[in-house]
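Data first, discussion second: the structure below is written as C-alpha cells.
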Amino acid sequence: MNQLLLQMLKGTLVSFQVFGLTLLFSLPLGMLVVKGKMSKIWIVKTLVNIYIMIMRGTPLILQLIFVYFAPYYIFGTSYDRMTAVIVAYVINYAAYFAEIYRGGIQSIPSGQYEAAKVLGFTKSHTATHIIFPQVFREIIPAMGNEVITLIKDTALAQTIGVAELFRVAQTASAREFSTMPLFVAGIFYFVMNAFVAKAFDQMEAKLNYYEKK
Amino acid sequence: MSDLKDNKVDYMIEVNNLIKSYGNQEVIKDVSFHVAKGEVLSIIGPSGSGKSTILRAINQLESIEGGEVIICGDTLYKEGLVLTQDQKRKIQLHNGLVFQDFNLFPHMSIKRNIAEALIYVLNKSKIEANEIALQLLDKMGLKDRADSYPSQLSGGQKQRVSIARALALKPNVLWFDEPTSALDPELTNEILKVIKNLAKEKMTMVVVTHEMSFARDISDRVIFMDEGFIAESGTPEEVFGNPKNPRTQQFLQSFNQ
Ligand SMILES: Nc1ncnc2c1ncn2[C@@H]1O[C@H](COP(=O)(O)OP(=O)(O)O)[C@@H](O)[C@H]1O
Ligand SMILES: [Mg+2]
C-alpha cells in the first residue's frame with residue numbers, strides 16, 4: 001500500500017508538472033492570441049479564428065495524439081512525450097484563455113478608454129492600470145472553471161504514455177485486480193481541485209472590493 | 001508650445017470650418033466658433049444635431065475631416081498637419097472633458113480617480129497628488145468620501161468627482177457634454193451649482209446642455225446647433241430672448257410648454 005501511495009505521489013508530481021507548465025505558457029500565449037483575434041488585419045484575424053475553431057471544435061485527446069505522432073510521419077522523428085503533452089495542452093488552452101480574455105476585454109465600456117485618453121494617459125498606462133485590473137476581475141470566475149478543467153485534463157496525458165497520476169493508478173489497478181487505486185486517484189484530483197477552487201474563491205472575494213459602475 | 005500671455009493669442013479655442021463625417025455622411029458641416037479666455041459658451045440644439053460630436057472631435061475622441069482647430073494656440077487639426085501621439089496628448093492637456101455618464105474608474109477610490117493622472121501624467125509625487133485630490137474633493141463637498149468607490153456614490157456625487165478629476169489637471173478649457181442628463185432631476189441642481197461657481201471663478205467652459213434657463217443664466221454666448229450646422233449664435237439675450245431662426249424658435253418653444 002505504501003509502495004502504491006509513493007507511486008501515486010510521483011504520478012501526481014508529473015500531473016502537476018503538466019498543469020504548471022501548461023499554465024505558464026498558455027496564459028501569456030492566450031494574450032497574444034487575443035491580440036490576433038482582435039487585430040484589424042484581416043488575414044491575422046482569420047488565421048487566429050480558424051486556429052481557435054479547431055482547438056475548440058476537436059477533442060483535446062485527438063490534438064494530443066496529432067501533436068505527438070504527426071512529426072513521425074512528416075520528419076520520421078518526434079520529441080519526447082512530455083514535450084508533446086505540453087505543446088498540445090499549451091496551444092489548446094491558449095485558445096480557450098484567449099476567448100475568456102476577449103470576453104473580459106469586451107466587457108469594459110468604451111467610456112473607460114475615452115476617459116483615460118482625455119486625461120492624457122498613455123496607451124500602455126491605460127492598458128496596465130485602467131483596463132487590465134478591470135478585465136482581471138471580470139474573468140476570474142471563467143478562469144477558475146478552465147483551470148479546474150485543466151487539472152482533470154492532465155489525465156489525458158496517459159494517452160501517449162506519460163506516467164501521470166491517472167496512468168499510475170490504472171496500471172496499479174490492473175496489476176492488483178482492484179479499483180482501489182483508481183478511487184484513490186479520484187480523491188487526489190478532488191483534493192487538488194478543492195485547493196484550486198478555494199484559491200479562485202479567495203481571489204474573487206479579494207477583487208470584490210469595488211462594484212462595477 | 002503655446003504662450004497664452006502672447007497678445008497674438010486671443011482665443012482659447014478657435015474652430016474654423018470644422019467638418020466631421022461618419023463614412024460618407026457629414027454630421028458636422030462647416031462649423032466655426034471661438035472661445036475667449038474666461039468665457040462660457042453653451043451649445044444647445046435638438047438631439048442628433050451634432051453637439052456631442054463637436055466636443056468629441058475637439059477632445060480627440062473622433063477624427064476630423066476638414067477645417068481647422070486651434071486649442072490655446074496649438075493647432076490640433078488643419079489640412080496636411082501631422083502630429084505625433086505625444087504632441088496630441090500634450091494638446092489634449094489644455095482640455096478637460098466631463099462626460100454625461102461620468103466614466104469614473106470603478107476599481108479606484110475616488111481620491112485615486114483624481115490622483116492617478118496627477119501622478120502618471122503630470123509626474124507629481126503621490127503625496128502631492130493626494131493633497132490636490134483632497135483639496136478638490138473638499139471643494140466639491142466630498143472630502144469625507146475620499147476613500148469610497150464610485151459605485152458607493154449617488155449620480156450627482158459621481159459627477160462632482162468627475163469634475164474634480166478634470167479640474168485636477170488644471171485645464172485651460174473645461175468641456176461638458178450634458179453633465180446632468182444622466183442624473184435624477186433632483187440631483188441636477190447640485191451639478192449646475194458647481195458649474196456656476198466655476199463660471200464665477202472665470203473658468204473657460206463650453207457646455208452642451210438641455211437646461212435652458214441654466215444656459216441662459218451662465219453663458220456669455222450661446223450656439224444653437226441644427227443638423228450639423230450652427231443655425232444661430234449670439235448672447236443669451238439674443239438667442240433666447242429674440243431668436244431669429246425659425247428652427248431656434250421652434251426648439252425653444254418645445255421647452256416652454
Ligand atoms: N459613431 C457614430 N457613427 C455614425 N454616426 C454617428 C456616430 N455618432 C454619432 N453619429 C451621428 O451623428 C449625428 C450627431 O450626433 P451627436 O453629436 O451625438 O448629436 P447630439 O449630441 O447633438 O445629440 C447624429 O445623426 C448621429 O446619429
Ligand atoms: Mg449628445
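Residue-wise HN-Hα couplings along region A:127-136, as the Karplus relation 6.51 cos²θ - 1.76 cosθ + 1.60 with θ = phi - 60° gives them from phi, are 5, 7, 9, 10, 7, 4, x, 6, 5, 3 Hz; Gly and Pro carry x.
Loop-only check: which trypsin sites (Lys or Arg not before Pro) in region A:115-177 are DSSP coil with at most 14 other Cβ within 10 angstrom?
In loop regions of region A:115-177 (DSSP not H, G, I, E or B), there are no sparsely surrounded trypsin sites (Lys or Arg not before Pro).
Give, as a single signed number, the net charge of other residues whose beta carbon lies under 14 Å from the beta carbon of A:L13, with Lys and Arg counted +1 and Asp and Glu -1. Each step should come with its number before you reach the end.
Numbers: positive: A:K10, A:R167; negative: A:E164.
In short, +1.
Per residue, the convex hull spanned by the Cα atoms of region B:141-240 amounts to 122 cubic angstrom. Ordered by the count of other Cβ atoms within 10 Å of each Cβ, fewest first, B:I195, B:I114 give B:I195, B:I114.
Against the empirical 2.2 N^0.38 Å (N residues), chain A has a Cα radius of gyration ratio of 1.22. With labels modelled as points extended 7 Å from the Cα through the Cβ direction, what inter-label distance (nm, one decimal) is found for B:K170 paired with A:Q106? According to this spin-label approximation, the distance is 4.4 nm. Explain nothing, just compute: Karplus ³J(HN,Hα) = 6.51 cos²θ - 1.76 cosθ + 1.60, θ = phi - 60°, for every residue of region A:162-170 in order, whole Hz, x for Gly and Pro. Each residue of region A:162-170 in turn: 7, 7, 8, 3, 5, 5, 4, 5, 5 Hz.
Stokes-Einstein, applied to the Kirkwood radius of region B:106-171 over Cα pairs at a viscosity of 0.692 mPa s and 37 °C, places its translational diffusion at 289 µm² s⁻¹. Taking a straight Cα-Cα cut-off under 17 Å and skipping sequence neighbours fewer than 8 places away in the same chain, the aspartates and glutamates within cross-link reach of B:K124 are B:E116. Once backbone amide H atoms are built at 1.01 Å from N, B:Y77 has B:V69 as its partners under 5 Å, excluding neighbours fewer than 5 places away on the same chain. Among the listed pairs B:K158/B:K193; A:K212/B:K90; B:K37/B:K202, those whose Cα-Cα separation exceeds 20 Å are A:K212/B:K90. A Förster radius of 22 Å, combined with the Cβ-Cβ distance separating B:D144 from B:S213, puts the computed FRET efficiency at roughly 0.10. For the protein assembly as shown, rounded, prolate or oblate, judged on the Cα gyration tensor with a ≥ b ≥ c (square roots of eigenvalues), a/c < 1.5 rounded, else prolate if a/b > b/c? Judged from the Cα gyration tensor, the protein assembly as shown comes out prolate (a/c at least 1.5, a/b above b/c).
Its relative contact order, with pairs defined as Cα atoms under 8 Å and 6+ residues apart, puts region B:15-170 at 19 percent.
3J(HN,Hα) along region A:85-100: 4, 4, 4, 4, 5, 5, 6, 5, 5, 4, 5, 5, 4, 4, 5, 5 Hz, from the Karplus curve 6.51 cos²θ - 1.76 cosθ + 1.60 with θ = phi - 60°, whole Hz, x for Gly and Pro. Taken as Cα centroids, region A:1-73 and region B:13-55 sit 52 Å apart, rounded to the nearest whole angstrom.
Taking trypsin sites (Lys or Arg not before Pro) across region B:163-226, the ones in a DSSP loop with at most 16 further Cβ atoms lying within 10 angstrom of their Cβ are B:K202. Within the set of other residues whose C-beta is less than 12 Å from the C-beta of B:I110, count the net charge using Lys and Arg as +1 and Asp and Glu as -1. With Lys, Arg at +1 and Asp, Glu at -1, the net is +4. By the count of other C-beta atoms within 10 Å, a proxy for reagent exposure, A:V48, B:V82, B:V15, A:V191 are ordered fewest to most as B:V82, A:V191, A:V48, B:V15. With a/c under 1.5 counting as rounded, go ahead and sort chain B into rounded, prolate or oblate using the C-alpha gyration tensor (a ≥ b ≥ c being the square roots of the eigenvalues; past the cut-off, prolate if a/b is larger than b/c, else oblate). It is oblate, given that a/c is not under 1.5 and a/b is not larger than b/c. Taking amide H as placed 1.01 Å from N in the peptide plane, B:A36 has its amide H under 5 Å from the amide H of B:M12, each at least 5 places away in sequence or on another chain.
If the limit is 30 Å between Cα atoms, which of A:K40/B:K78; A:K117/B:K51; B:K111/B:K200; A:K37/B:K111 go over it? Going by Cα-Cα distance, A:K37/B:K111 fall outside the 30 Å limit.
Where a number appears in this text, it was derived from the coordinates with a stated rule and is not lab data. Nothing here was measured: the structure is a model prediction, and the numbers come from that model. Cβ coordinates were reconstructed from backbone atoms using ideal geometry, including for glycine residues, and neighbour counts include every protein chain displayed.
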